[in-house]
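No value in this document is a laboratory result; all are computed from the given coordinates. This structure is a prediction, so every number in the text was calculated from the model and none was measured. All Cβ positions, even for glycine, are placed from backbone atoms using ideal geometry, and neighbour counts span all protein chains on display.
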Amino acid sequence: MYALCAAGLLVSSVFGLLVPWMTREAVDAVSAAREGGPPGAGPLLRAVGLMIVFSILYAVFRFLSRRSLFVAARDVEQEVRRRLFSHVLRLPIRFFHATPTGDVMSRLTNDLSAVWIFLGPGLLMLVGTVISWLLAIAFMLRISPTLTFVSLLIAPAVVYLSREYGRAFHLRHRRVQESLASMNAALQENISGIRLVKAFTLEAREEERFSGECERYYRHNLA
C-alpha cells in the first residue's frame, strides 16, 4: 500500500512540476509573438491546454495517493491500538500503582493519534517534499546547471537549521505530551473520585488544581 502511495506521489509531483513548465512555454509563446515571431495562437493554446490537463492529473493522483496513505495509516493505528491495549491488560498490578490512570489513557488515545499523524499527513509531506525536491533539481539542471549549483549552495545551511528545529520541536512536543498526561490524570481522578470530592467539599481546591494543569498545558503548547 505504501509503495503505491509513493508511486502516486511521484506521478503527481511530476504533473505538478509540469504546470509551471507549461507556464514558461506560454510566456515564451507570447514573448515570441510580441517580438515579431510567427503569428498564431497555436503554441499559447497548446501550453494553456496542457497546463489544464496537467493540473487535473496532478489533483487526481494527489487525491488518490493521499486517500490511500491515510487509510493505510488508520489501519496501522488501529492495529497498534489493539496490541497496546492487549499489552496494558497483561501488565503487572504494580505498574498501575506507579502510573497514573490519566497517563495510561493519554498514551492509549492521544499518543496513538500522533502515530496516525506521522504515518498519514507527516509521511505524505515528507515523501512528497523529497520527491518534489529531487524532481525540481532535475528540471532546474535542464534549464541552467550554473544557477542550479548556485541555489544548492545554501542546502547545507537549510539541512542544519532543519535538524536544529526538529530537535527543539521534539523537546517541546514531549513537554506538551507530559502536561497532557498530567491534565488527564487530574481529570480522571476527579471524575472517578467525585463522591470523595463532594463529601469533603473539595470542589474549589480541585477546580484550582485542574485549572493549573490546563494553564500548564496551554503554556507548553504556545512555547
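Okay, here's what the table says:
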{"read-out": "Equivalent ellipsoid dimensions for the chain as semi-axes, Å, which come from the Cα gyration tensor, largest first", "value": "54, 20, 17"}
{"read-out": "Principal-axis tilt of helix 123-143 within the chain, Cα atoms, nearest 10 degrees", "value": "20 degrees"}
{"read-out": "Using alpha-carbon coordinates, inclination of helix 2-34 to the longest axis of the chain, degrees", "value": "40 degrees"}
{"read-out": "Per-residue HN-Hα couplings for the stretch 171-177 [Karplus 6.51, -1.76, 1.60; θ = phi - 60°; Hz; x = Gly/Pro]", "value": "5, 5, 5, 5, 5, 4, 5"}
{"read-out": "3J(HN,Hα) from dihedral phi, the stretch 197-204, Karplus parametrisation 6.51/-1.76/1.60, rounded to Hz, x for glycine, proline", "value": "4, 6, 5, 9, 6, 9, 4, 5"}
{"read-out": "Normalised contact order of the chain, rounded percent, pairs of Cα under 8 Å and 6 or more residues apart", "value": "23 percent"}
{"read-out": "Percent of Cα-Cα distances greater than 16 Å, calculated over the stretch 154-223", "value": "59 percent"}
{"read-out": "Estimated FRET transfer efficiency when R0 is 30 angstrom, pair residue 48-residue 154 (beta carbons, to 0.05)", "value": "0.35"}
{"read-out": "Descending principal axes extents, the stretch 9-109, alpha-carbon based, whole Å", "value": "86, 20, 15"}
{"read-out": "Virtual spin-label span in nm between residue 32 and residue 82, 7 Å along Cα→Cβ", "value": "6.0 nm"}
{"read-out": "Relative compactness, the stretch 62-148, computed as alpha-carbon Rg over 2.2 N^0.38 Å", "value": "1.71"}
{"read-out": "Calculated FRET value between residue 198 and residue 55, using beta carbons and R₀ = 45 Å, to 0.05", "value": "0.15"}
{"read-out": "Approximate spin-label separation residue 218-residue 74, in nm, with each point projected 7 Å along Cα-to-Cβ", "value": "3.4 nm"}
{"read-out": "Pairwise centroid distance, computed over Cα atoms, of the stretch 38-109 with the stretch 125-174, Å", "value": "22 Å"}
